[in-house]
Amino acid sequence: MHLYLHIPFCKQACYYCDFHFSTNSSKSDDMVNAICKEIELQKSFLGTNILETIYFGGGTPSLLSFEQIGQILNKIGQHFSIKPNAEITFECNPDDITIQRLTEWRSLGINRLSIGVQSFDENHLKFLNRSHSAAHSIQCISDAQKAGFDNLSIDLIYAIPSLSNDIWKLDLEKAFSFDVNHISSYCLTIEEKTVFGHRLKEKVMKPIDDDFASNQFDILLEAMSKNDFEQYEISNFAKNTAYAVHNTSYWQGDQYLGIGPSAHSFDTNKRFWNVSNNTKYLKAIATETIPNEFEILTAKDKANEYLMTGLRTKWGVDLGKLNKILPLSSKAFRQTLSRFSKEGLIIDQKGIITLSKAGKLKADYIASELFF
């Protein structure tokens, strides 16, 4: 089983980000206390299952102090059984990383870092409104490896307007030069309630060009393959099967508990989500109330979710498993599946369907067309 902790604070707002966060961290102590209280309140959610992963996400977990992180991990240890050598991932920004902090994180049992590099190009970092410089990224990755973190992931963004193919190739070359074992690479998307979203609405920014994004995705796949990275999910690449165990659990439909404002939980039958408001979250937890809503998933919901997540991965969708969730009696589903196979977008190997290279560019569309 798996535990996610949402730390809802950031130094500044990245122009593309629509995750829940606040740039006012003055109540971080109150938030950490509330997160610890919610851990107590949710201690029975996972039953007697042992935690295989713990993931600090956000927001920016690396804004927390050594004492605050330790407080949360101690509370988890009090109420959950944790598998020996469980994957404990910590998201961090390059400008928050120092040798001292790396040493502290390792002493707390954190064994995997996910570093939000996004780009090694100064102009693009400024365009995205990142708080760090390229020099920060280069230094922090080297420091992390020196501190003993051999399970490292770095994030990159492509299809940034004005990001030429040459600069994108340089970004990738720099990433490979560090010999990390995991890279997550995401296409820039413009969300409505972001700075970029407002700029798009006001027509001071153009939409992301599909052909441009597709071309950079092709460059990404070619470079990853040449450098022995396996694409195990559309945006995630690993060397030597160093898959992100926590994130893989989402794609494979495992049970997980989310703690903190805006965090989601899943018990295989119901999906829960906490309120995306720090003040409301703190007030509710103070009364020992979990401020969440939930939905009960129907067989159709479960089948569609399996299609959406499974098609994104190397493991694909097992039609036998899908049939157990929802009998495959739909004529429209079979016809659509056949059409995508003939178009070369889907590969069917003994009842396991995966996306071809061309299909990966249209993953969401293909899944939605196959929905029941």
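The values are calculated or read from the model by the stated rules, or taken from the named source; none is laboratory data. Since the structure is predicted, the reported quantities are computational estimates derived from the model, not experimental observations. Cβ: placed from backbone, ideal geometry, glycine included. Neighbour counts: every protein chain shown. Remember, those area values only see protein heavy atoms, side chains included, never the ligands or the DNA or RNA. Shrake-Rupley method; radii C 1.70, N 1.55, O 1.52, S 1.80 Å.
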Point to revise | Dipole of region 299-370 [Lys/Arg +1, Asp/Glu -1 at C-beta], most positive-end residue of 349, 316, 329 | key: 349
Check your understanding: Which ³J(HN,Hα) values in Hz, rounded to whole numbers, follow from the phi angles of region 233-250 under the Karplus curve 6.51 cos²θ - 1.76 cosθ + 1.60, where θ = phi - 60° and Gly and Pro get x?
Key -> 8, 3, 9, 10, 9, 9, 9, 6, 6, 7, 5, 6, 4, 5, 5, 4, 4, 5
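Report in % the part of the accessible area of region 1-113 that belongs to carbon and sulfur, leaving out ligands and nucleic acids; probe 1.4 Å.
Working: 2180 of 4710 Å².
Summing carbon and sulfur atoms, their accessible area is 46 percent of the total for region 1-113.
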Check your understanding: What are the residues whose amide H is under 5 Å from the amide H of residue 158, where those residues sit 5 or more places off or on another chain and H is modelled from the backbone?
Key -> 186, 187, 188
Point to revise | Sequence ranges 262-274, 2-14, ranked by mean other-Cβ count within 10 angstrom, highest first | key: 2-14, 262-274
Exercise for review: State the extension gain, in nm to one decimal, for the chain segment bounded by residue 277 and residue 331, taking 0.36 nm per residue of separation less the distance between their alpha-carbons.
Suggested key: 15.1 nm
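Run the numbers on region 220-285 and let me know its relative contact order in percent, using alpha-carbon pairs under 8 Å that are six or more apart. Before the final figure, lay out the partial values.
Numbers: 63 pairs, mean separation 10.3, N = 66.
That works out to 16 percent.
Run the dipole for the chain about the Cα centre, Lys and Arg Cβ at +1, Asp and Glu Cβ at -1, nothing else charged, and hand back the magnitude in debye, nearest 20.
Using Cβ point charges on Lys, Arg, Asp and Glu, the chain gives about 820 debye.
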Review point. What list of ³J(HN,Hα) couplings, whole Hz, do you get for region 122-133 from phi and the Karplus terms 6.51, -1.76, 1.60, once you set θ to phi - 60° and write x for glycine and proline?
Key: 4, 4, 6, 4, 5, 4, 7, 6, 6, 8, 10, 10
Review point. Taking the structure as given and computing mean projected area of the Cα convex hull in nm², which label from (1) 20.2; (2) 21.8; (3) 18.9 fits?
Key: (3)
Review point. Over region 299-370, what percent of the accessible surface lies on carbon and sulfur atoms, probe 1.4 Å?
Key: 52
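Counting only heavy atoms of protein chains, what accessible area per residue, in Å², does the chain have with a probe of 1.4 Å?
Working: 17420 Å² over 372 residues.
Value returned for the chain: 47 Å² of accessible area per residue.
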Practice item. Please report, in debye to the nearest 20, how large the charge dipole of region 77-116 is about its Cα centre when each Lys and Arg carries +1 at its beta carbon and each Asp and Glu carries -1 there. Key: 200
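Return the carbon/sulfur percentage of the accessible area of region 142-261, one whole number, probe 1.4 Å, all protein chains in place. Present the calculation step by step, with values, prior to reporting the outcome.
Values: 2590 of 5590 Å².
On region 142-261, the fraction of accessible area on carbon and sulfur atoms equals 46 percent.
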Check your understanding: Using θ = phi - 60° and the Karplus form 6.51 cos²θ - 1.76 cosθ + 1.60, what ³J(HN,Hα) does each residue of region 293-299 get, whole Hz, x for Gly and Pro?
Key -> 10, 8, 9, 8, 7, 7, 4
Check your understanding: Per-residue ellipticity at 222 nm for the chain, helices alone: DSSP H runs ≥ 4 residues times -39500 (n - 2.57), over residue total, nearest 500 deg cm²/dmol?
Key -> -12000 deg cm²/dmol
**Study point:** Proximal lysines relative to residue 126, as straight alpha-carbon distance under 22 Å, when same-chain residues fewer than 8 apart are discounted
**Key:** 11, 169, 174, 193, 201, 203, 206
Review point. At a Förster distance of 41 Å, what's the computed FRET efficiency of residue 356 paired with residue 126, Cβ-Cβ distance as r, to 0.05?
Key: 0.65
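What relative contact order, as a whole-number percentage, does region 299-370 give when Cα pairs under 8 Å and 6 or more residues apart are counted?
Relative CO of region 299-370 lands at 37 percent.
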Exercise for review: Quick one: compute the contact order of region 153-271, relative version, from alpha carbon pairs under 8 angstrom and 6+ residues apart, as a percent.
Suggested key: 23
